[in-house]
Each structure stands twice: as structure tokens, then as C-alpha cells.
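These notes concern the structure reproduced below.
Only the coordinates and a few stated rules stand behind these numbers; no lab work does. Bear in mind that the values here come from a model prediction, so they are computed numbers and not experimental data. Heads up, the Cβs are rebuilt from the backbone with ideal geometry, glycines too, and the neighbour counts pull from every protein chain shown.
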């Protein structure tokens, strides 16, 4: 009842605005919308809160409160791109808004933009607004220092950690008033001193670093873990200073605490070697499990010792779950260049299961799952090793292996940017499994490489999965090959649990076939039937494509702008609108802004997901094209050359076609011919080559430079 009354009160406030000037009326309505949104946010009605907050921000562009609230609501909804955009807008007007700067920094940290995060925090800390908020100021200073660490900005990191220590010393009384106990302050000061010491080591200020480490230890005099860290810190300091004997002494003090991580044992071994000591004998005398792993890594460095070390590694790996152990393992095998060796380890961790039935999911015990996950992460971090293991596995094709084993190899090769190796591994996975999941993974890969006949062959070999489902996947392949009757017959017979997906695919098929009138009618009919926001947005993309196919450029632009009105951070709409404007040679400054925004959002999404490469070839192609239109040829070529090296660009004829155009304009006829030749060949395998006679145009351009 209270919430309803409060909401009614805000609405009533807006009603009184009729008798005041328009500007004041807008401000009052903005305020009413903002108040309603606050109530809705507290009532867990986030979608309505967002709509009201966005309306409030538009009604009064000078109002900061709705924008600040939008930052929080967007972030809570997982709309991180929108939250970042809105936080920047708030900080553009008020760089010292600490809460917004801190929220922005956390969002940027998640996508590995550490320097930007640090700069936002530094600007907000430069003032006296946080005098009465020492806890907040401390948290922001610590996060600033961590950002500088992650950004590998040694000098700035050392200064930032020094600032944290000074702040703790100067504001301890205020922090106690805000709830800190002395013990908590001591821990914070010790942690800051340790981090400061490590940053000073990186700057080779060894005496200052030692003082920082000793100060940390003094603060935690009775803490056993603190004592251990002191010796490790001093060991690493001595190693950095080129003092192996001192480093050995401190490492031995640290190792007495029995760390589980093999890394300090490996570093200990490095210092033993530098001091001319018998590394293997000293490690063999230790009883800690991690020392055993480090000893085996030492033995594996020589061809004579690798075989015996490998056998012991196989036994240890079968029981290990610690990611640090597997990182050492994979680093060791990468150094030894032993793809066959790591293949045998992988077979132990992902064993074949002869009794497994097709389409029956595998239930993996928790510990086994931890082992697989830890090994997979370490394995994928060594791309050259993964490729060698894949080749070794394919050479021994008669060996029975689990689908999960092949999936691991496919994932690692994908991260290494080796599409042929990915395809071979996915084929082996499907042959070993035969279920729908492995079929879909292989189909997705073949689709991305435009291997339409291979997709049809795959569907023909997967008859046990059901004719209705397979027809869904056949349809696009037939359409790309220009076989309209087969494509339409297949999509008409397609069956699946998702009615919307089948309907949307029919619209897509009509677009591939160039039947844009039918595409638009089918799209409109589907939009009348399917009403969720995600479904409507998906169909609006296709509607824009239909308008483009019909040469109704204004309508296509309106459709894409409509998507952006609903979500200003829709990367696909940003890219498509920017590219279409560039293709029409219109509004090129806006086109560049749109495309760069799409690139930024896509890169953030990929970084957040842990992808090793954040670049997306179609968006780089769009940027290259708008830069070409603006006459910035060197920049355009840089983007297009980069796009052509990426897996999703190497098989895209448009990328190569654009690259040829730029190269010729630069006077590089040889590169232009190379690019157009690739484009012509790739146009033959996609409907894009039939649109507007693009393949014929590529052939004409090749003859032009011969």
C-alpha cells in the first residue's frame, strides 16, 4: 500500500506541471519518472524502472540522478555495456562522483581495461569529497593500486600502494570511527605493505622493498601465514637482486611451511642452479608433494630423464585437482615439445568409455570434474602444445577416445586459431558420440567456414538424430548453394522444440535466396505471432536486411535506429547501421562512431567471457570500410589486414574484397590482386557472391590489374 501511494504521489506531482513553462514541465516530469523508477527498482520491477529512468534522462539532460540510478540498474540487470556508457556520461559532468567512478572501475576491471579503470578512480579521488567517507576512500585506493598492478604500470603501482599505506596511517582514527578494529587495520596495513614491497621490487628499489616487507611482518607478528609470506617475498627480492644464495635461504624458510603450489619449488630450483647446486638431489630429499612435481619437471628437461618423468607424471595427474600442478605439467611438456606425451596425459584424464550409449549424458563426479577443468585450462594456455597433441591424436586414429577428449582438443585448437585442426577434432568427437550436441558443434564450425556441401554430408550421416531436426540444418546449406526448391522443402519439413527458431530460419532462408519481398512478408507475419522483446529484436534485424535487399535504404535505417532506440548498446545494430551508412557514403563521422562503439562492446563481452582474442572480424571490416570511405587508407588497411588474419575473417569474402579495394587505392596492385582472388574464390561458396554480382565484380577487378 505504501509503495502504491508513493507511486501515485509522484504521478500527481507530474500532473501539476501543466501550468508551468515547457522546460520546467520537462524537469518535473523527469523528476516524477525518476521517483517512480526508484519505487519500481525497490519493488524488483527492473524493466519498468529502466524505462522510466531512461525517459527521465531524456526529459532533463541536465539531471544527474536518473543517470546515476541507471548505472546501478543496468549493472544489476547484466547490461554492462549500458552501465559503462551511462557511468561515463555521469562522470563527464562530474568526474569526482566517487560512487559512479568506483562502479565504472569495477565494470572496466572485469573486461581487463585496467588503465581506464585506474584513471576513473584517480580522478574521483582527487578532491576532498570523501573526507567523511574514509572506508570508501580506502576501498577506492586499494582498487586503484590493484588496477595499476594488473596494467603492469610499475611506477604508478608503487606510488598507488604507497598512497594506500599513507592513507591508512593518516586516517586510522577516522576508519576506527567508521567501524574498523585495530586488528583489521593492522591486516589492511600489512597487506598494503606487502603489495607495495612487490611493486618496489619490480622497480628494483630493493632496500625500500625490504623495509616494506619487514613492516608487514611486524604488523602481523603472531601470524604464521605472515611469516611464510615474508620469507617468500624476501626470496623473490633476493632473486630479483641477483643474490641466489640469499634467495635459497629464504626459500628454504618458506618451504618449511609446506606450500601446495609447485611454483615456489620451481623458483627455488632456479636459484639452486644459479648457485651451482645439485638441483635434483636437493629436490629429491624433500617430502612435500609439490616438491615431487617440481623434481619431475627438472628431470623432464633432458631427453634422458623425460621418459621416466613422464610415467610418474601420468600417475600423479590421475589423482591431481590443483590448477597450479597442471600449469606446471603443461609448461613442462610445452618446453619438452612433447605433443604425444601430453596426449597420453589427456587420455588419462578424459578416458574412453566403451559402454557409453549415444545421446546419453555423462555424469562426472565432482573431483573428476575439477581435475578435467584444471587440466583443460592449463592445456589451452599452451596453444603450440595443443596443436601437436591434436596431430598426434589424429595419427593414431585407431585408438578409441572419449568425445570429451576430442572436445578438449577442439577447444584448445580454436583458441589457437587453427580451424582445420578444430574441424578434425569435432568430427572425431561426433564419430565417438553421435549425439545432437556434438552434431551442433560440428555444424556450427562448418557453417562459419561456409562448407555447405560438408554440412549436407554431415546431415546425411546423422540420420539417427531425426529427419525433422536435420532438415532445419539442411535448409540453409541448400539455400547457400542456390538450390531454392530443396531449401524451401527442407525448412517446410523442419521440426523442433522451438517454433520461433524454425520460423526465423525460414525468414533467413528467403533472404539467402534473394526473395526479399517474401522475406519481408514472412517477417511481418512472424512479428505478429511472436511478441517477446528478444524475438521481436531478432526479427527486426532480418526486417532491416529485407529492406536493404529491396533497396529501401531509408526503411532499413529506420529499423536499425529503432533497435537502438530500445537498446543503445546493441552491438550488432550499431555495426550494421554504421556499415550501411558507410556503404552509402553518408554520415561517415556517425558511422565511424557507431562501429567503434560496436567494436568496444564486442571486445568487452569477449574479454568478460575469457576469450583469448577480443577482435571480431566483421566489425573490423566495417571500421576498415568507413575509414576507406573517409580517405584514411593506411588506417583502413591496418583494420582489414587484421580482420583477414582472424578465423571469422579469413573465410569472409567481403573482408578480402574490401582489402583489395584499399590496396589498389594505395597503389599496391599485387596485394589487391591477391585479395580479390581470394574473395572471388570465397564468393563462389556463399549467396553473398550472387548479391549484386559481387563475384563477377571481383573477377572484373582482377582482370583490371593483370
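A few points about this structure:
- Rg then Dmax, both in Å and based on the Cα atoms of the range 68-152: 12.0, 33.
- Segment residue 394-residue 564, length gained on full extension (0.36 nm per residue, minus Cα span): 56.5 nm
- Computed E for residue 645/residue 554 - FRET, C-beta separation, R0 35 angstrom, nearest 0.05: 0.45
- If the Kirkwood radius is taken over C-alpha pairs of the range 527-594, then at 10 °C and 1.306 mPa s the Stokes-Einstein diffusion coefficient equals 131 µm²/s.
- Distance between the 7 Å Cα→Cβ label points at residue 252 and residue 589: 7.1 nm.
- Zero-based 5 Å bins, Cα pair distances in the range 650-698, whole percents: 5, 29, 32, 20, 11, 3, 0
- Between residue 115 and residue 223, full extension at 0.36 nm per residue minus the direct alpha carbon distance yields a gain of 35.5 nm.
- Value of D in µm² per second that Stokes-Einstein yields for the range 300-448, Kirkwood Rh from Cα pairs, at 10 °C (1.306 mPa s): 102
- Principal axis analysis of the Cα atoms in the range 49-104 yields extents of 26, 25, 14 Å, listed in decreasing size.
- Calculated over the range 497-567: convex hull of Cα atoms, volume per residue (Å³): 73
- Potential extension, residue 302-residue 152 segment - 0.36 nm per residue separation minus Cα distance: 50.6 nm
- Relative contact order for the range 497-567, counting Cα pairs under 8 Å that sit 6 or more residues apart, in percent: 28
- Area projected by the alpha carbon convex hull of the chain, averaged over all directions, nm²: 39.7
- Convex hull volume per residue in cubic angstrom - Cα atoms of the range 591-633: 57
- With the convex hull of its Cα atoms as the shape, the range 367-447 has an orientation-averaged projected area of 5.2 nm².
- Value of Rg/Rh across the range 468-518 [Cα atoms, Kirkwood radius]: 0.94
- In Å, descending, principal axis extents of the Cα set of the range 427-519: 44, 26, 18
- Placing a label point 7 Å from the Cα of residue 420 along the Cα-to-Cβ direction, the residues of the range 442-485 with a backbone N closer than 19 Å are 445-455.
- Global geometry of the range 134-246, whether rounded, prolate or oblate, following the gyration tensor of its Cα atoms and the 1.5 cut on a/c: oblate
- Inter-probe distance in nm under a simple model that places probes 7 Å from Cα toward Cβ, at residue 260 and residue 25: 6.8
- Placing a label point 7 Å from the Cα of residue 211 along the Cα-to-Cβ direction, the residues of the range 165-180 with a backbone N closer than 20 Å are 165-171.
- Cβ-based exposure ranking for 443, 196, in which fewest neighbours within 10 Å come first: 443, 196
- Distance in nm between pseudo-label sites at residue 634 and residue 88 (7 Å out along the Cβ direction from Cα): 2.6
- The convex hull drawn around the Cα atoms of the range 192-279, when projected onto a plane and averaged over every direction, covers 5.4 nm².
- Start at zero, step by 10 Å, and the Cα-Cα distances of the range 501-633 spread as 13, 37, 35, 14, 1 percent across the bins.
- With N the number of residues in the range 600-692, Rg(Cα) / (2.2 N^0.38 Å) evaluates to 1.10.
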